[in-house]
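A.B. asks: Dumping the structure here so I can ask a few things about it.
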Amino acid sequence: MKNRVIKILTISLISFVLLTAALTGLFLIWTADYYHAENDVIDALKKETKITYTDNFMIFKPSVPNGTGIIFYPGAKVEHTAYSPLLIKLKNEGFTCVLIKMPGNMAFLGADKADEVYEKVPEIKSWFIAGHSLGGAMASRYAAENKDKVQGLILLGAYIYGDYPVKKSLTVYGTFNSNLEKNITYSENIVIIEGGNHAQFGNYGKQKGDPDATISAEEQQRITVEAITKFIQSQRGEIQ
């Protein structure tokens, strides 16, 4: 009887190990297929001199800092550098931006990565956290769990996830990404970009299932930067 039990336990253990290995392999194969940054991103980065590459971070430093930092979580299965054009635009507005490279390009595998940012840019005392799509959901969760560390939340193609105040959040999405609306139960601090879609917050090409936008990525990001700048100014009391 004892030998039989040992045999059953051994078989169960081997089966568990094999199943875990198979699932891990499938997950790695799945994450290996991701959206790459477009060629114009490489060209844009070549022109920038105020970008610091450290560990899994890209730090965009403005020529004239305004004292505010933005931590950015990329969307799922998107190469993090695809968001460089957007963050360059924000940098040019005076914001210090930190773009995080997530493990496997999946924000839920690095939801607390923001904790590693503060000591890398100690001169910044006022932080906002932002994210696109799944990155927005994880940024929202982080903000809800770390209200003492961030002053506000910025969501692109995403909605508030977790217990975080609407008045301290900005939600931006395009009219061709209107499927988000069923999950948005609030009406404050929402900017809807006419003709915008889901993918054009980054520069990684067309995303599966995403309708074609009727405006350019450049225009969608310009409107986004304008909305973010106004929101942060209002949160810091610079707009009465």
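A.B. asks: LYS208: surrounded by fewer than 16 Cβ atoms within 10 Å (Cβ to Cβ), within 19 Å of the chain's Cα centre (by Cα) and at negative phi, yes or no?
C.D. replies: Taking the combined requirement at face value, the residue satisfies it.
A.B. asks: So, in region 151-197, exactly how many residues are closer than 24 Å to VAL78 by Cβ and touching a residue at least 40 places away in the same chain (Cβ under 8 Å)?
C.D. replies: 7
A.B. asks: Would region 177-187 turn up any residue that is surrounded by 19 or more Cβ atoms within 10 Å (Cβ to Cβ) and out of contact with any Phe, Trp or Tyr (no Cβ under 8 Å at 6 or more places or on another chain)?
C.D. replies: Taking every residue of region 177-187 in turn, at least one turns out to be surrounded by 19 or more Cβ atoms within 10 Å (Cβ to Cβ) and out of contact with any Phe, Trp or Tyr (no Cβ under 8 Å at 6 or more places or on another chain).
A.B. asks: Would you call VAL64 surrounded by 19 or more Cβ atoms within 10 Å (Cβ to Cβ), modelled with pLDDT under 95, assigned by TED's automatic domain parsing to the domain that holds GLN200 and over 14 Å from the mean Cα position of the chain (by Cα)?
C.D. replies: For VAL64, the condition - surrounded by 19 or more Cβ atoms within 10 Å (Cβ to Cβ), modelled with pLDDT under 95, assigned by TED's automatic domain parsing to the domain that holds GLN200 and over 14 Å from the mean Cα position of the chain (by Cα) - is not met.
A.B. asks: Also: Of the numbered conditions (1) of a type outside the set (Gly, Ala, Ser); (2) closer than 17 Å to GLN235 by Cα; (3) more than 16 Å from the chain's Cα centre (by Cα); (4) assigned to a loop (DSSP other than H, G, I, E, B), THR185 satisfies every one except a single condition; which is it?
C.D. replies: For THR185, the exception is condition (2).
A.B. asks: Please find, within region 188-201, the residue that is surrounded by the most Cβ atoms within 10 Å (Cβ to Cβ) out of those that are out of contact with any strand residue (DSSP E or B) (no Cβ under 6 Å at 6 or more places or on another chain) and not aliphatic (A, V, I, L, M).
C.D. replies: GLN200
A.B. asks: Further question: State which residue is farthest from MET138 (Cα to Cα) when the search covers only region 159-185 and only residues that are in contact with a helix residue (DSSP H, G or I) (Cβ under 7 Å, 6 or more places away or on another chain) and modelled with pLDDT of 95 or more.
C.D. replies: Out of the qualifying residues, it is GLY174.
A.B. asks: Would you check which residues across region 220-240 are of a type in the set (D, E, K, R) and in contact (Cβ under 8 Å) with a residue 24 or more places away in the chain and list them?
C.D. replies: ARG222, ARG236
A.B. asks: Does THR229 satisfy the condition of being of a type in the set (Ser, Thr, Tyr), within 14 Å of GLY152 (Cα to Cα) and modelled with pLDDT of 95 or more?
C.D. replies: Against the criterion (of a type in the set (Ser, Thr, Tyr), within 14 Å of GLY152 (Cα to Cα) and modelled with pLDDT of 95 or more), THR229 qualifies.
A.B. asks: From the list THR20, THR49, which one is hydroxyl-bearing (Ser, Thr, Tyr), modelled with pLDDT under 85 and in a helix (DSSP H, G or I)?
C.D. replies: Unique residue meeting the criteria: THR20.
A.B. asks: Do we have any residue at all in region 88-100 that's over 21 Å from THR229 (Cα atoms), in a helix (DSSP H, G or I) and over 15 Å from the mean Cα position of the chain (by Cα)?
C.D. replies: no
A.B. asks: Now, a different point. Is it fair to say GLY131 is among the small types (Gly, Ala, Ser), assigned to a helix (DSSP H, G or I) and in the same structural domain as PRO65 (by TED's automatic domain parsing)?
C.D. replies: Answer is no for this residue.
The values are calculated or read from the model by the stated rules, or taken from the named source; none is laboratory data. Just so we're clear, the structure is a prediction, and the values are computed from it rather than from any experiment. Counting neighbours? That spans all protein chains shown, and the Cβs are built from the backbone with ideal geometry, glycine included.
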